[in-house]
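Let me begin by presenting the structure, written as structure tokens, before commenting on it.
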Amino acid sequence: MNTLQAFKMAFKSISAKKMRSFLTMLGIIIGVASVVILVSIIQGQNKKNLEYLESQGTNTLSVSAYKWSGGDISQDLYNYCLGLSDLVVGVTPKIQVYNEMTVRYSTNTMSTNDSWETAAQVVLGSDQYGLCNNYTLKSGRDLSYLDVARYSNVCVLGGGAAERLFNYVDPVGRSITINGSPYLVIGVYEKKNVDGWPEMDNLILLPYTLNRTLNDNQTISEYSVKAVSASAADEAAVRLQGYLTALIPESSGYAYIQNNNANMASMDALLNSQSLVLIGIAAISLLVGGIGIMNIMLVTVTERTREIGIRKAIGAERRSIIAQFLIEAAVICGIGGIFGIIVGYMGTLIAAKMLLDMIMMPGTAITIGAFLFSVVLGILFGMYPAIKASGLQPVEALRAE
Amino acid sequence: MLIEIKDIYKIYNEGRESEVRALNGVSLSIDRGEFVAIVGQSGSGKSTLMNVLGCLDIPTYGDYWLDGVDVTGLSDRQLAHIRNKQIGFIFQGYNLIQELDALENVILPLIYQGVPIWEREDRAMEALARVGMDDRAHHRPSEMSGGQQQRVAIARAIATHPSIIMADEPTGALDSKTGQHVLEILRELYRGGTTVILITHDNGIAATARRVVRLSDGMVISDDAQEVDWE
């Protein structure tokens, strides 16, 4: 049997009944498009989460500790971590100031009340804040122990904040005002540029000892701890939990430790199980599409019984007839798959922008996979009608009108 | 003998009240290069006989040797090969595939025969030229008259150079002038050495054959050679 001829024939019969072919393809189009969109969005979400967690730095622990009686554990935690120096390389309070703050340099201002992408993130931390939160210094110097100890009015700016306040002027050595009080800029961090998390670069970091003046002396309850390695992070988490539980019994407050490495793993697992459910639903729509193909191919076989009889009379073998109808089913599904992928690309662009605020396209693997899968679907569901067609007796098929 | 059938029966609904014996013990031999007309009224079993001879249908009982081969024991696939290589069919209703143009219709049996792609078109054009249809190669059946369609069907039947042409009422749907033209093409094939089996209910057409086999109620009632003047 000539495959080229079968393809030609398939295209002829598809274009002869355009509306019917389109409606038949619709099931495949919807199925393929939904698989492409879902897989892409899930991959995008996954990537975004991982980027966020990675930008926070790997091997970090987030510590939340609070005593009902008041008074923070900063010094206790610091001292304990000094004793874990083979495991822990840094520890810092992490205090986000939520009071309204206006930050100004010359005529440029940023406020904590701006929209989330541009709002100033005024944060109080120790000299190890940058290390624990994965910021790298671009120019100037980082906070020092003395800055903290002396309540110095100094700050380090995130890359975004530096750009917004200073444009192209070098901020180091200049002063900004926060709610009117001057603070000397001693350093600037590199921009992290994490898709979907612009606020991380709008950091304005000040020594945590300024908590009293800038944050109404609210109790410090959040800390970051940086470990030397993944296994060190696991061990430090266990030890810290033991220490903090002893320090703050359940009756007098709370102490939680989150290992960000474990967060990544569990985020992955969660996404994987969500993906399975969503892709399963999309696969059901593909199955429905496939049944549609089988149905229309059965109709086609009935309509073309006489043609099958003619072909058999002039010497077509069973396998030639099977090949012809299988190719036709595969072509319908393949075209449907291509349209589905096109719709999937558009849908992914729109959905990614709306849900994730990202510009993203489906990957090559999912694109090729979706196309191949739809062709296989056509072959699978075309099998029964094709075999039925090939089994017709020539003399009976010729009698059909 | 090219074709030899012995005691062929084709029985529908055997053993029931509605039993129909389309062929009721037919024996017949046809030699290579004969021009045979099989004549009978409608219902006489002549079409059934052609279907059996053409390997389109399987007899209920009886033996059939085609070119020395016992056809009754062959598989689907072997029968398809015989229909493809040894037999060319011409039907009353032309039986062209509507979606294909004349050339593509004629190419079809060549594809099934496995003729290489670069030879197919030349051979199909040659067959179309023999029936005078080479100028209509790219017309679809719906764009041709009945006589033209039948000539394309003949081209399709002869494209594989079969040894037997079976024509079932080939002029049945044509006016007498175009019918004569079609018959002339068949005579031409006969002169070229092809065995022609012509099924008809029309005694006038049967009179033009060298041998006439008459069928009635599924049985052969006469089998005569006759002299005919074709010029």
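The values are calculated or read from the model by the stated rules, or taken from the named source; none is laboratory data. Keep in mind the model is a prediction, meaning the values are calculated, not measured. Quick reminder, even Gly has a Cβ in these numbers, built from the backbone with ideal geometry, and neighbours come from all protein chains shown.
Give me the strands (runs of 3 or more DSSP E) completely within region B:1-106, filtered to those with at least 2 residues that are more than 30 Å from B:Glu227 (Cβ to Cβ) and more than 12 Å from chain A (Cβ to nearest Cβ), ordered by residue number. Those strands (runs of 3 or more DSSP E) span B:3-12, B:20-30, B:61-66. Filtered by the rule that a residue be assigned to a helix (DSSP H, G or I), within 14 Å of chain B (Cβ to nearest Cβ) and not basic (Lys, Arg), region A:1-20 gives A:Thr3, A:Leu4, A:Gln5, A:Ala6, A:Phe7, A:Met9, A:Ala10, A:Phe11, A:Ser13, A:Ile14, A:Ser15, A:Ala16.
Here is a yes/no grid of residues against (1) away from chain B (no Cβ under 14 Å); (2) surrounded by fewer than 22 Cβ atoms within 10 Å (Cβ to Cβ); (3) under 30 Å from B:Leu56 (Cβ atoms):
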site	(1), (2), (3)
A:Ile310	no, no, yes
A:Val343	yes, yes, no
A:Ala389	no, no, yes
A:Gln393	no, yes, yes
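One residue stands out among those in region A:8-40 that are of a type in the set (Val, Ile, Thr) and surrounded by fewer than 22 Cβ atoms within 10 Å (Cβ to Cβ): the one that is nearest to A:Ser285 (Cα to Cα), which is A:Ile30. Tallying residues that are within 22 Å of the chain's Cα centre (by Cα) and aliphatic (A, V, I, L, M) within region A:272-290 yields 7. For region A:115-148, the set of residues classified as touching a residue at least 24 places away in the same chain (Cβ under 8 Å) and among the small types (Gly, Ala, Ser) consists of A:Ala119, A:Ala120, A:Gly125, A:Ser126, A:Gly130, A:Ser139, A:Gly140, listed by residue number.
Looking at region A:42-160, the helices (runs of 4 or more DSSP H) lying wholly inside it that each contain 1 or more residues that are among the small types (Gly, Ala, Ser) and touching a Pro at 6+ places or on another chain (Cβ under 6 Å) sit at A:74-83. In this structure, A:Ala246 does not qualify as closer than 18 Å to A:Gln56 by Cα and either touching a Phe, Trp or Tyr at 6+ places or on another chain (Cβ under 6 Å) or among the hydrophobic types (A, V, I, L, M, F, W, C) (or both). Per the listing A:Gln56, A:Gln43, the residue uniquely out of contact with any Gly (no Cβ under 8 Å at 6 or more places or on another chain), away from chain B (no Cβ under 14 Å) and in contact (Cβ under 8 Å) with a residue 40 or more places away in the chain is A:Gln56. Any idea which of (1) touching a Leu at 6+ places or on another chain (Cβ under 9 Å); (2) more than 14 Å from chain B (Cβ to nearest Cβ) is the one A:Ile335 doesn't satisfy? Of everything listed in (1) touching a Leu at 6+ places or on another chain (Cβ under 9 Å); (2) more than 14 Å from chain B (Cβ to nearest Cβ), A:Ile335 misses just condition (1). Among the residues making up region A:160-190, those that are out of contact with any strand residue (DSSP E or B) (no Cβ under 6 Å at 6 or more places or on another chain) and small (Gly, Ala, Ser) are A:Gly160, A:Gly173, A:Gly180, A:Ser181. Could you please let me know if A:Leu270 is surrounded by 13 or more Cβ atoms within 10 Å (Cβ to Cβ) and not in a strand (DSSP E or B)? So A:Leu270 fails the test. Scanning region B:159-179 for residues that are modelled with pLDDT under 90 and surrounded by fewer than 20 Cβ atoms within 10 Å (Cβ to Cβ) yields B:Gly172, B:Ala173, B:Asp175, B:Ser176, B:Lys177, B:Thr178. Given the conditions (1) in contact with a Phe, Trp or Tyr (Cβ under 9 Å, 6 or more places away or on another chain); (2) without any contact (Cβ under 8 Å) to a residue 60 or more places away in the chain, and given that B:Gln226 satisfies all but one, which numbered condition is not satisfied? It fails just one condition, (1). Considering region A:251-267, and only residues there that are among the aliphatic types (A, V, I, L, M) and not in a helix (DSSP H, G or I), the residue that is farthest from A:Leu26 (Cα to Cα) turns out to be A:Ala255.
Residue by residue, here is whether (1) at pLDDT 90 or above; (2) surrounded by 16 or more Cβ atoms within 10 Å (Cβ to Cβ); (3) under 15 Å from the mean Cα position of the chain (by Cα) holds:
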site	(1), (2), (3)
B:Leu186	yes, yes, yes
B:Tyr190	yes, yes, yes
B:Thr195	yes, yes, yes
B:Thr200	yes, yes, yes
B:Arg211	yes, yes, no
B:Asp217	yes, no, no
B:Val220	yes, yes, no
B:Gln226	no, no, no
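Residues that are more than 17 Å from A:Gln96 (Cα to Cα) and crowded, with 20+ Cβ neighbours inside 10 Å within region A:144-158 comprise just one, A:Asp147.
Taken over region B:109-133, residues that are of a type in the set (A, V, I, L, M), within 12 Å of chain A (Cβ to nearest Cβ) and buried (at least 24 other Cβ atoms within 10 Å of the Cβ) amount to 1.
Cβ separations smaller than 8 Å between residues 6+ apart or across chains give the following pairs from region A:351-362 residues that are without any contact (Cβ under 8 Å) to a residue 60 or more places away in the chain to residues that are surrounded by 14 or more Cβ atoms within 10 Å (Cβ to Cβ): A:Ile359/A:Leu349; A:Ile359/A:Ala352. Scanning region B:27-54 for residues that are more than 24 Å from B:Thr171 (Cβ to Cβ) and either buried (at least 21 other Cβ atoms within 10 Å of the Cβ) or of a type in the set (Lys, Arg) (or both) returns a single hit, B:Arg32.
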